[in-house]
Amino acid sequence: MREKLAAQLFTVRNELKRDFIGTLRELKKMGWAAVQIDGLHGNDPKEIAEAMRELGLKTAGMHVGLERMNNDLEAVLEEARLFDTKDFICHSLPDRLQNEDGYRTVRRDLLAVSEKVSHLGFRVGYHNHDFEFHTEIDGRYALDYVLDLDAERPIYAEIDTYWVKKADLDPLQYISKYANRMPILHLKDMTADDRRYFAEIGSGVIDFAPILRWGEANGVEWYAVEQDYCPGSPLDSLANSLEYLTKRLP
């Protein structure tokens, strides 16, 4: 299962801005099998894809803004082909879309993109935060509304354990509704203090062992580890999370 662990590159965004390929080299040396793309910071996608091939790093999907999906889809697909991934995921939403009308627009747009790309072998996904749990649509959380199954135009879940916990829900219970509909699962821990802040995997309050067991039984292909903000070195954060996970893999 170690070969399914991926580092989400948002964690090391500042390091990437200074030396993208050098940072990838550090992650490979650390032991990561893959990375999840989260912006190229002005680098040529062909050069980055070639460097990843040389390093032996795979791609666990790409985080892409909804605006790019709507207005620059051919370039998104070309990057997905270069990075040899089927998955591109809407990573967040601007404040103006975090309301009932906004979520209806988001679902409509994601369905339209899925309709264009599903027959080409690509998968469109949506990554949550906690704000999707603050709005209800038709008696359900906005996240459930956005991810409601349309077999012809699927929108795949990319559930983030931290943000589910932040919304005062149980991550294991919540992800269970997306069995075999979540190729990528985001692993992120939460501090045990009143801050309820981002933490390295295994240092906080979330029990990841049953989550990993569930993932292995329910179609998860990648476990993407992310820490949005780190009190120390983001590379150290990823190293600590990787060490914890590899010692406790099911």
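The values are calculated or read from the model by the stated rules, or taken from the named source; none is laboratory data. The structure presented is a predicted model; accordingly, all values stated were derived computationally and were not measured. Here the Cβ is made from the backbone with ideal geometry for all residues, glycine too, and neighbour counts use every protein chain on show. SASA here: full protein model, heavy atoms, side chains in, ligands and nucleic acids out. Shrake-Rupley method; radii C 1.70, N 1.55, O 1.52, S 1.80 Å.
Which one of TYR223, TYR229 is touching a residue at least 12 places away in the same chain (Cβ under 8 Å), buried (at least 22 other Cβ atoms within 10 Å of the Cβ), under 30 Å from ARG25 (Cα atoms) and under 16 Å from the mean Cα position of the chain (by Cα)? Please lay out each step first, then the result.
Working: TYR229 fails: buried (at least 22 other Cβ atoms within 10 Å of the Cβ).
Matching residue, one of TYR223, TYR229: TYR223.
Within region 51-65, being in a strand (DSSP E or B) and of a type in the set (D, E, K, R) holds for one residue alone: LYS58. Taking residues in region 28-50 that are assigned to a loop (DSSP other than H, G, I, E, B), and partners anywhere that are hydroxyl-bearing (Ser, Thr, Tyr) and crowded, with 17+ Cβ neighbours inside 10 Å, the pairs with Cβ atoms closer than 9 Å and at least 6 places apart or on different chains are ASP38/THR11. PHE131 passes every criterion in (1) under 18 Å from the mean Cα position of the chain (by Cα); (2) under 23 Å from LYS4 (Cβ atoms) apart from (2). Beta carbons closer than 8 Å, at least 6 apart along the sequence or on distinct chains, pair a first residue in region 114-125 that is at positive phi with a second that is open to solvent by 90 Å² or more (accessible area, probe 1.4 Å) for GLY121/LYS86.
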